[in-house]
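The next block holds one structure in the form of structure tokens; read it before the comments.
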Amino acid sequence: MSDSLIIAGRSFRSRLIVGTGKYKSFQETARALEASGAEMVTVAVRRVNLDYIDPKKYFLLPNTAGCYTADEAIRAARLGREVGISDWVKLEVIGDQATLYPDVQATLEATRVLVKEGFTVLPYTSDDIVFAKRLIDAGAATIMPLGAPIGSGMGIQNQAHIRILREMISGVPLIVDAGVGTASDAAIAMELGADAVLMNTGIANAQDPVLMAEAMKHAVVAGRQAYLSGRMPKKLYATASSPLEGVVR
């Protein structure tokens, strides 16, 4: 496909990345993954159970969820590689337990170490353009700013920062990670220029996770198409849909 998502030279048809936590059962997880159309699926190294995920069908992305220091995250990433999951890692280093905001300095430190060890690093970070550029300089394969606190479902809280990141970042994909609560949030993220959206709770905690997974799939596609098509400019006053110029009265 001409509009594939490219990360570290690998092509993905879907621009939706989904997690595997918080579902009521493994069976529900499997059905939601199928409905989402996602190709990349994140799994927590510390509590991974792959019995219900077909590694031939999905690209598994280990994550370092629950790590609060660079050393912890580095060890978790190494463990994911040693058990044969992947040498890719969604890097999370949490700096605050209440908000689950990332410790950006520790994330940068872990990124430098893991890149040197041959990992493809996808770091969860703030929407700070300065640290985004530092992560890219350190070799990060993506920039993954939060849209809102993890699991909050509040949607994109700082659209201006996402727009700035989109304008100032090149060479690596921009993936909105965390805070998506419903399909319109995913569409907005894509309309702002995100290359992809990563989510878990927004699907898993829906009353019907399988149906929400399908809704998210369509929202990501619609948002991407809207971004590529270029929306009409906003105007303060009305413009007639059927102009009267040239009409004989």
Quiz prompt | In the stretch 100-119, residue farthest from the chain's Cα centre (by Cα) [restricted to those that are closer than 18 Å to Ala8 by Cα and in a loop (DSSP other than H, G, I, E, B)] | solution = Glu117
Practice problem: Look at Leu61 and say whether it is open to solvent by less than 30 Å² (accessible area, probe 1.4 Å), over 20 Å from Thr29 (Cβ atoms) and not in a loop (DSSP other than H, G, I, E, B). | Solution: no
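Conditions tested, residue by residue: (1) within 27 Å of Gln27 (Cα to Cα); (2) open to solvent by less than 10 Å² (accessible area, probe 1.4 Å); (3) in contact (Cβ under 8 Å) with a residue 12 or more places away in the chain.
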| site | (1), (2), (3) |
| --- | --- |
| Lys56 | yes, no, no |
| Thr69 | no, no, yes |
| Glu72 | no, no, yes |
| Ser86 | yes, no, yes |
| Lys90 | yes, no, yes |
| Ala98 | no, no, no |
| Val104 | no, no, yes |
| Thr107 | no, yes, yes |
Quiz item: Can you name the condition, by its number, that Gln97 falls short on among (1) under 20 Å from the mean Cα position of the chain (by Cα); (2) in a loop (DSSP other than H, G, I, E, B); (3) within 23 Å of Gly147 (Cβ to Cβ)?
Solution: (1)
Practice problem: For Ala226, work out the one condition from (1) farther than 23 Å from Leu61 by Cβ; (2) assigned to a loop (DSSP other than H, G, I, E, B) it doesn't fulfil. | Solution: (2)
Quiz prompt | Residue satisfying all of: in the stretch 56-99; under 25 Å from Leu5 (Cβ atoms) and of a type in the set (Val, Ile, Thr); modelled with the lowest pLDDT among these | solution = Ile85
Quiz item: For the subset of the stretch 33-46 comprising residues that are at pLDDT 90 or above and over 17 Å from the mean Cα position of the chain (by Cα), which member is most open to solvent (accessible area, probe 1.4 Å)?
Solution: Glu34
Quiz prompt | Output for the stretch 102-113, where each listed residue is touching a Ser or Thr at 6+ places or on another chain (Cβ under 9 Å) and hydrophobic (A, V, I, L, M, F, W, C) | solution = Val104, Ala106, Leu108, Ala110
Quiz item: Using beta carbons and a limit of 8 Å, which pairs, at least six apart or on different chains, have the first residue in the stretch 171-193 and in contact (Cβ under 8 Å) with a residue 24 or more places away in the chain and more than 12 Å from Ala226 (Cβ to Cβ) and the second one of a type in the set (Ser, Thr, Tyr) and open to solvent by less than 20 Å² (accessible area, probe 1.4 Å)?
Solution: Val172/Thr142; Pro173/Thr142; Leu174/Thr142; Ile175/Thr142; Asp177/Tyr124; Ala178/Tyr124
Quiz prompt | Close pairs (9 angstrom Cβ cut-off, 6 or more residues apart or separate chains): open to solvent by 50 Å² or more (accessible area, probe 1.4 Å) in the stretch 130-158, aromatic (Phe, Trp, Tyr) anywhere | solution = Ile150/Tyr101; Ile150/Tyr124
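The values are calculated or read from the model by the stated rules, or taken from the named source; none is laboratory data. None of the values given here were measured: they were computed from a predicted structure. Virtual Cβ from ideal backbone geometry, glycine too; neighbours counted across all protein chains shown. Just the protein is used for accessible areas: all its heavy atoms, side chains included, with ligands, DNA and RNA removed. Shrake-Rupley method; radii C 1.70, N 1.55, O 1.52, S 1.80 Å.
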